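Engineer: Have a look at the structure that comes next, please.
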Amino acid sequence: MTHLRNLSEANLDAESILTIGVFDGVHLGHQQLIQRLVTQARASNRRSVALTFYPHPDTVLEQVTKRYYLTTPERRAELLLRHGLDTVITHPFTDETRKQRAAAFIDELVDRLRIRELWVGEDFALGFEREGDIKYLRAQGEKRGFRVTAMELIAAESSGQLIRSSRIRDHIRKGNMQAAKAMLGRAFAMEGQVVRGEQRGRTIGAPTANLKVWREQIIPAHGVYATWARLGSESFRAATNIGRRPTFAGDQLTIEAHLLDFDREIYGERMELRFEKRLRAERKFSGLAELREQIQTDIEATRRSLQPEGAG
């Protein structure tokens with residue numbers, strides 16, 4: 001299994017079945033498409049390949065500057081490969097990419113990847129101003145020797161809503177972590193380095209691990225969450241606060257996790273937080289006594305929300 005950082009690095013020595021998309025989050029819809037593609041590729045003795053992009057085309061075309069991504073590019077490639085793909089290509093989406101005509105892009109795909117099948121979502125299009133829609137791709141496939149399969153979007157069982165990365169982002173921005181999980185097929189996660197904070201948590205009996213995360217990844221709504229904290233192969237329940245600490249007149253956004261039943265120094269280590277449930281919104285307390293009381297309430301709510309067998 002291989003992760004390439006540019007389409008120009010690819011020169012396959014065997015025929016392939018290709019899928020193209022951003023695949024931000026690698027949600028259940030993406031997973032279904034990839035699993036079917038991999039099954040077909042293995043049955044036909046072809047390579048299974050996914051071509052994705054970074055930056056996200058939305059951030060280039062719409063000049064998005066706020067936090068936007070559900071996963072880092074590295075995590076996305078890892079998730080895609082985990083579903084059995086032979087090759088993932090993360091191609092740079094630049095202004096030059098935006099202006100590339102569909103026919104030229106298809107030429108490159110045929111030459112470098114030797115595609116015999118192209119699997120995409122039913123609303124997919126590529127090339128300048130999305131000129132390469134499904135009808136166009138099928139016409140090109142007849143000329144160039146590949147077949148196009150357009151997959152229908154699937155809906156979340158819990159809500160009946162079509163699964164889209166944009167809809168998952170909306171859920172996360174609102175703190176609807178269970179709705180996001182129903183579409184992702186797993187809890188939304190953020191990973192980063194544990195850094196030193198102001199260490200106020202120690203003074204009130206609830207030390208926290210401050211997580212420095214990728215500056216482009218979306219962050220859930222301010223508030224307190226029941227989360228799983230993963231350190232290496234270990235998982236711990238954690239009450240995690242996201243916000244600006246209004247009780248202390250804070251002005252910087254922080255992600256602070258109080259790991260339950262935990263007592264060791266982890267500064268500098270990598271930690272992943274998996275967000276299972278929002279417990280409450282952020283609020284300003286009258287003083288330390290009220291804050292201490294609420295923290296204990298949050299800890300107990302985390303214990304009730306996350307059963308030990310959920311770790312792993």
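Engineer: Consider only pairs whose beta carbons are under 8 Å apart and that are at least six residues apart or on different chains; among these, list those whose first residue lies in region 62-84 and is more than 21 Å from Leu273 (Cα to Cα) and whose second residue is open to solvent by 30 Å² or more (accessible area, probe 1.4 Å) and part of a loop (DSSP other than H, G, I, E, B).
Structural biologist: Leu81/Met1
Engineer: Suppose we filter Arg101, Arg114 for residues that are over 26 Å from Ile154 (Cα atoms) and either touching a Ser or Thr at 6+ places or on another chain (Cβ under 6 Å) or of a type in the set (S, T, N, Q) (or both); which single one remains?
Structural biologist: Arg114
Engineer: For a quick check of your reading: which helices (runs of 4 or more DSSP H) sit entirely within region 90-202 and have at least 2 residues that are open to solvent by less than 50 Å² (accessible area, probe 1.4 Å)? Quick ask: steps written out before the conclusion?
Structural biologist: Working: elements: 95-99, 102-113, 134-144, 165-173, 177-184.
By residue number, 102-113, 134-144, 165-173, 177-184.
Engineer: Report yes if some residue within region 300-312 is crowded, with 21+ Cβ neighbours inside 10 Å and within 25 Å of Lys181 (Cα to Cα); otherwise report no.
Structural biologist: Step one: list which residues in region 300-312 are crowded, with 21+ Cβ neighbours inside 10 Å, which gives 302, 306.
Imposing the further condition that a residue be within 25 Å of Lys181 (Cα to Cα) reduces the set to 302, 306.
There is at least one residue in region 300-312 that is crowded, with 21+ Cβ neighbours inside 10 Å and within 25 Å of Lys181 (Cα to Cα).
Engineer: Which residue, of Tyr54, Tyr69, is open to solvent by 60 Å² or more (accessible area, probe 1.4 Å), at pLDDT 95 or above and hydroxyl-bearing (Ser, Thr, Tyr)? Before you say what the answer is, go through the steps one by one.
Structural biologist: Details: Tyr69 fails: open to solvent by 60 Å² or more (accessible area, probe 1.4 Å).
Going through Tyr54, Tyr69 in turn, just one is open to solvent by 60 Å² or more (accessible area, probe 1.4 Å), at pLDDT 95 or above and hydroxyl-bearing (Ser, Thr, Tyr): Tyr54.
Engineer: Restricting attention to region 203-222, and to residues there that are crowded, with 18+ Cβ neighbours inside 10 Å and of a type in the set (Gly, Ala, Ser), which single residue is modelled with the highest pLDDT?
Structural biologist: Here the residue is Ala209.
Engineer: Please go through region 24-51 and give me each residue that is open to solvent by 40 Å² or more (accessible area, probe 1.4 Å), of a type in the set (D, E, K, R) and assigned to a loop (DSSP other than H, G, I, E, B), ordered by number.
Structural biologist: Answer for region 24-51, where residues must be open to solvent by 40 Å² or more (accessible area, probe 1.4 Å), of a type in the set (D, E, K, R) and assigned to a loop (DSSP other than H, G, I, E, B): just Arg46.
Engineer: Run Arg245 past the list (1) over 24 Å from Asn176 (Cα atoms); (2) surrounded by 15 or more Cβ atoms within 10 Å (Cβ to Cβ); (3) charged (D, E, K, R) and report the number of the one that doesn't hold.
Structural biologist: Only one criterion is unmet by Arg245, namely (1).
Engineer: Among what's in region 284-295 and is free of Cβ contacts under 8 Å to residues at least 24 places away in the same chain and open to solvent by 80 Å² or more (accessible area, probe 1.4 Å), pick the residue that is nearest to the chain's Cα centre (by Cα).
Structural biologist: Selected residue: Glu293.
Engineer: Looking at (1) within 21 Å of Thr97 (Cβ to Cβ); (2) open to solvent by 10 Å² or more (accessible area, probe 1.4 Å), which one does Met1 not meet, given that it meets all the others?
Structural biologist: So Met1 meets the others, but not (1).
Engineer: Here is a follow-up. Keeping to region 234-283, report how many residues are charged (D, E, K, R), closer than 17 Å to Gly175 by Cα and free of Cβ contacts under 8 Å to residues at least 40 places away in the same chain. It would help to see each step written out before you state the result.
Structural biologist: Taking region 234-283 as the starting set, the residues that turn out to be charged (D, E, K, R) are 234, 237, 244-245, 251, 256, 261, 263-265, 269-270, 272, 274, 276-278, 280, 282-283.
Of the ones still in play, those that are also closer than 17 Å to Gly175 by Cα are 244, 256, 274, 276-278, 280, 282-283.
Filter again for free of Cβ contacts under 8 Å to residues at least 40 places away in the same chain, leaving 244, 283.
Of the residues in that region, 2 qualify.
Engineer: Looking at region 248-270, which of the residues that are more than 29 Å from Ala179 (Cβ to Cβ) and among the small types (Gly, Ala, Ser) is modelled with the lowest pLDDT?
Structural biologist: Ala249
Engineer: If you check Leu231, Leu279, Leu273, which single one turns out to be modelled with pLDDT of 95 or more and buried (at least 23 other Cβ atoms within 10 Å of the Cβ)? Before you say what the answer is, go through the steps one by one.
Structural biologist: On the way: Leu231 fails: buried (at least 23 other Cβ atoms within 10 Å of the Cβ); Leu279 fails: buried (at least 23 other Cβ atoms within 10 Å of the Cβ).
Step by step, each of Leu231, Leu279, Leu273 is checked, and only Leu273 is modelled with pLDDT of 95 or more and buried (at least 23 other Cβ atoms within 10 Å of the Cβ).
The values are calculated or read from the model by the stated rules, or taken from the named source; none is laboratory data. Keep in mind it's a predicted model, so treat the numbers as computed, not measured. Using ideal geometry, Cβ is built from the backbone for each residue, glycine included, and neighbour counts are taken over all protein chains shown. Accessible surface is based on the protein model in full, side chains and every heavy atom, while ligands, DNA and RNA are left aside. Shrake-Rupley method; radii C 1.70, N 1.55, O 1.52, S 1.80 Å.
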